[in-house]
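The values are calculated or read from the model by the stated rules, or taken from the named source; none is laboratory data. These numbers were taken from a predicted model, which means no experiment stands behind them. Cβ placement follows ideal geometry from the backbone for every residue including glycine, while neighbour counts extend to all protein chains displayed.
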There are 2 protein chains.
Amino acid sequence: MKRKDVAVYEDILKSNVAAAAEVRRRMRERGVLTVNLMSSPGAGKTTLLERLVEKLTPPGRLAVIEGDIETERDAERLRAKGVPAWQIQTGGACHLEARMIGRLLDELPPDLDFLFIENVGNLVCPAAFDLGESLRVVLLSAPEGDDKPKKYPKAFLTAQVLVLSKADLMGLLPFDPERARREALEVNPALEVFRVSALTGEGLDDFVACLHRARAKLTPEDGRHA
Amino acid sequence: MKRKDVAVYEDILKSNVAAAAEVRRRMRERGVLTVNLMSSPGAGKTTLLERLVEKLTPPGRLAVIEGDIETERDAERLRAKGVPAWQIQTGGACHLEARMIGRLLDELPPDLDFLFIENVGNLVCPAAFDLGESLRVVLLSAPEGDDKPKKYPKAFLTAQVLVLSKADLMGLLPFDPERARREALEVNPALEVFRVSALTGEGLDDFVACLHRARAKLTPEDGRHA
């Protein structure tokens with residue numbers, strides 16, 4: 001990028017930091033764990049959310065914000081499960097920003113434990129934008145290949161949790177979950193890694209327990225991803 | 001985006017148009033079909049290239065430029081097949097730009113029929129940047145889901161060819177190739193669609209024939225994706 005472009009990009013990131021801090025402060029005051037779900041298109045974010053709706057207890061205390069370039073489809077899938085869901089259509093933009101989340105906070109139901117934000121399907125750009133989440137989860141699905149953490153490191157570097165998704169396909173594909181885990185941990189040794197199949201249910205309970213633990217540890221302070 | 005940001009983005013796109021025109025002019029003068037391969041991470045671009053190396057005749061008249069955020073891995077895979085391959089590491093940037101291609105043109109072998117450019121794995125941002133290709137090919141792999149063309153329309157709108165990849169997995173997954181084809185054609189009725197498995201070889205010959213046809217139709221004029 002030229003110097004002018006870099007300056008504008010830094011402006012965008014800087015104004016995003018302030019908006020993200022405000023989202024985090026408001027959600028933590030309410031005791032809500034805000035989760036930013038990131039991955040490539042089709043890694044299974046929406047299907048994982050559909051299963052979480054069935055698993056998280058007590059039921060009914062979650063809401064979802066869906067980000068997509070176009071269409072209302074993902075929000076419709078969650079609403080069909082009885083979950084309050086908002087769809088942000090970015091109209092071309094490759095990631096969500098904290099301001100987009102901030103605008104929706106007043107519309108959320110009063111009694112929430114969890115707010116899930118499903119980012120635009122993109123393993124690159126969303127990683128640069130804090131949405132005010134308290135937990136960042138990156139999904140890597142078996143069909144994408146076990147070599148992705150080193151090729152797309154920022155998403156893995158900035159997340160606290162890695163879900164190796166579509167575990168039911170692992171035996172059918174040239175995907176070595178141990179290599180994926182090892183490379184991800186080389187990028188970010190602090191990552192907590194789960195192997196999950198939304199289809200068979202494998203690993204879901206462990207991931208749900210991780211979400212509850214993260215919520216129990218919430219503090220009102222605004223540390224980034226504390 | 002704010003007005004200032006939009007202006008900078010338009011500057012970037014404008015300077016890219018000129019660089020792309022120069023790449024296209026130089027490659028067409030030499031009779032080289034330049035192909036821009038775009039998809040999500042892990043849709044099978046590199047594996048498809050490995051198979052094309054074996055299929056394209058006469059052999060040895062192709063070169064590859066690989067784009068990735070980090071690592072030299074994809075270029076190494078192609079070099080292992082005896083193909084001259086250059087790796088562009090964008091160091092964080094989410095797409096290739098025409099200038100990056102232009103810088104490499106003097107290094108290409110003199111006798112080429114095809115230059116393949118494998119873009120950064122990202123179904124969003126690369127679609128906005130003409131690399132000077134004469135053919136744009138978007139891959140959609142079965143595990144990503146048949147609903148993606150409408151959710152990520154720009155890649156499908158700006159391509160001439162759609163490869164539905166990992167066809168060998170279609171029976172195992174909730175992927176309806178007819179729905180994918182139909183939605184893609186609703187976005188872009190001019191798309192030529194191929195169903196390909198790099199693993200079993202299904203559809204490869206048809207796709208190779210398409211590449212030869214596109215090369216035979218090359219003209220020196222600089223129409224965008226003529």
Of the listed residues (A:54, A:10), the one being within 12 Å of chain B (Cβ to nearest Cβ), of a type in the set (D, E, K, R), over 14 Å from the mean Cα position of the chain (by Cα) and surrounded by fewer than 24 Cβ atoms within 10 Å (Cβ to Cβ) is A:10
Residue B:132 passes all but one of the listed conditions (1) on the phi < 0 side of the Ramachandran plot; (2) in a loop (DSSP other than H, G, I, E, B); the exception is number (1)
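For residue B:123, are the conditions met, namely being within 14 Å of chain A (Cβ to nearest Cβ), crowded, with 24+ Cβ neighbours inside 10 Å and at pLDDT 95 or above?
Values: within 14 Å of chain A (Cβ to nearest Cβ): yes; crowded, with 24+ Cβ neighbours inside 10 Å: yes; at pLDDT 95 or above: yes.
Here the answer is yes, as residue B:123 does meet what is asked.
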Check your understanding: Out of curiosity, is residue A:37 closer than 24 Å to residue B:121 by Cβ, crowded, with 22+ Cβ neighbours inside 10 Å, more than 13 Å from every other protein chain (Cβ to nearest Cβ) and under 14 Å from the mean Cα position of the chain (by Cα)?
Key -> yes
Expected output for segment B:198-213 (first residue farther than 17 Å from residue B:37 by Cβ, partner surrounded by 13 or more Cβ atoms within 10 Å (Cβ to Cβ), Cβ below 6 Å, 6+ apart or cross-chain) is B:199/B:168; B:200/B:168; B:202/B:167
- Query: If we scan segment A:105-112, do we find a residue that is charged (D, E, K, R), surrounded by fewer than 24 Cβ atoms within 10 Å (Cβ to Cβ) and in contact with an Asp or Glu (Cβ under 9 Å, 6 or more places away or on another chain)?
  - Reply: no
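Which of the residues spanning segment A:63-75 are within 11 Å of chain B (Cβ to nearest Cβ) and free of Cβ contacts under 8 Å to residues at least 40 places away in the same chain?
The initial filter retains those residues of segment A:63-75 that are within 11 Å of chain B (Cβ to nearest Cβ), namely A:66-74.
Result: A:70, A:71, A:72, A:73.
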Filtering segment A:78-95 down to residues that are under 24 Å from residue A:110 (Cβ atoms) and either within 11 Å of chain B (Cβ to nearest Cβ) or part of a strand (DSSP E or B) (or both) yields A:85, A:86, A:87, A:88
Residue B:43 meets each of (1) more than 14 Å from chain A (Cβ to nearest Cβ); (2) surrounded by 19 or more Cβ atoms within 10 Å (Cβ to Cβ); (3) touching a strand residue (DSSP E or B) at 6+ places or on another chain (Cβ under 7 Å) with one exception, condition (1)
Filter segment A:164-222 for residues that are in a loop (DSSP other than H, G, I, E, B) and of a type in the set (Val, Ile, Thr); the one that is surrounded by the most Cβ atoms within 10 Å (Cβ to Cβ) is A:196
TODO: Can you confirm whether segment A:23-34 contains a residue that is assigned to a helix (DSSP H, G or I), closer than 26 Å to residue A:205 by Cβ and of a type in the set (A, V, I, L, M, F, W, C)?
DONE: yes
When residue A:13 is run through (1) within 20 Å of residue A:69 (Cβ to Cβ); (2) assigned to a helix (DSSP H, G or I), the failure sits at (1)
By residue number, the members of segment B:151-174 that are closer than 23 Å to residue B:50 by Cβ and without any contact (Cβ under 8 Å) to a residue 60 or more places away in the chain are B:161, B:162, B:164, B:167, B:168, B:169, B:170, B:172, B:173
Taking segment B:153-209 and keeping only residues that are more than 14 Å from chain A (Cβ to nearest Cβ), under 16 Å from the mean Cα position of the chain (by Cα) and of a type in the set (A, V, I, L, M, F, W, C), one is left with B:159, B:161, B:162, B:163, B:191, B:193, B:194, B:196, B:204, B:207, B:208
Check: residue B:15: under 30 Å from residue A:15 (Cα atoms) and at pLDDT 95 or above, yes or no?
Finding: no
Review point. Quick check, is residue A:145 within 16 Å of residue B:143 (Cα to Cα) and facing chain B (nearest Cβ under 10 Å)?
Key: yes
Take residue A:146 and tell me if it is within 26 Å of residue A:86 (Cβ to Cβ) and assigned to a loop (DSSP other than H, G, I, E, B).
no
